[in-house]
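Chemist: Quick one: the structure is below, questions incoming.
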Amino acid sequence: MANNYVEVGPWGGSGGANPWSIIPNGGRITRINVRSGAIVDAIYFGYTEGGTNYETAIFGGRNGSLSTIDIADDEEIIEINGKVATFENLNLVTQLTFVTNKQTYGPYGTNGGTDFSCPIAKGKVVGFFGRYGAYLDAIGVVLSP
């Protein structure tokens, strides 16, 4: 990737015909919106770029309950973890938790599946990427060294 970014992951299944990524150019992620129920249905983000606030498209479906995480100016994501399992014959992200230097958000989704975890020992989270269809099929983290 350009700018010496490093992609970690993705975790989830190989489905989802729609790739997505969010890496604010010179800005930062300010909000994470998660739609979840039995699985993680969708994720989308608020971010700043050049002093202007933006919101991404919804990556996944519109089912599940909406949870919003507002990331404070002095807050950084230091870990993402979750679970992957089969749902409706698809391997999907079934649970997500975000850990910052201030608190833990989640878990969103259900407790079944295979665990994944990405503690950030070096660098910082500058974005996310993955794939989606009717649900959130996969998610990965973009780090800046």
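Chemist: Might you check whether a residue that is of a type in the set (D, E, K, R), closer than 20 Å to E7 by Cβ and touching a strand residue (DSSP E or B) at 6+ places or on another chain (Cβ under 6 Å) occurs anywhere in segment 79-99?
Modeler: yes
Chemist: Any idea which residue in segment 112-145 is modelled with the lowest pLDDT, counting only those that are within 16 Å of Q95 (Cβ to Cβ) and in contact with a Lys or Arg (Cβ under 8 Å, 6 or more places away or on another chain)?
Modeler: G112
Chemist: Just one of G127, G46, G106 is farther than 16 Å from V8 by Cα, assigned to a strand (DSSP E or B) and touching a residue at least 40 places away in the same chain (Cβ under 8 Å); which is it?
Modeler: Values: G127 fails: farther than 16 Å from V8 by Cα; G46 fails: touching a residue at least 40 places away in the same chain (Cβ under 8 Å).
Residue meeting the stated conditions: G106.
Chemist: For residues in segment 39-81 being surrounded by 14 or more Cβ atoms within 10 Å (Cβ to Cβ) and small (G, A, S), which is nearest to the chain's Cα centre (by Cα)?
Modeler: In this case the residue turns out to be A42.
Chemist: If a residue must be modelled with pLDDT under 95, out of contact with any Cys (no Cβ under 8 Å at 6 or more places or on another chain), closer than 30 Å to G27 by Cβ and in a strand (DSSP E or B), how many such residues does segment 70-90 contain?
Modeler: 2
Chemist: On the basis of being of a type in the set (S, T, Y) and over 16 Å from T30 (Cα atoms), does Y108 make the cut? Please lay out each step first, then the result.
Modeler: Numbers: of a type in the set (S, T, Y): yes; over 16 Å from T30 (Cα atoms): yes.
Yes: the conditions hold for Y108.
Chemist: Of the residues P145, P119, which is surrounded by fewer than 18 Cβ atoms within 10 Å (Cβ to Cβ) and touching a helix residue (DSSP H, G or I) at 6+ places or on another chain (Cβ under 9 Å)?
Modeler: Values: P119 fails: touching a helix residue (DSSP H, G or I) at 6+ places or on another chain (Cβ under 9 Å).
Just a single option satisfies the conditions, and that option is P145.
The values are calculated or read from the model by the stated rules, or taken from the named source; none is laboratory data. All values derive from a computational prediction rather than experimental measurement. As a convention, Cβ positions derive from the backbone with ideal geometry for all residues, glycine included, and neighbour counts pool all protein chains shown.
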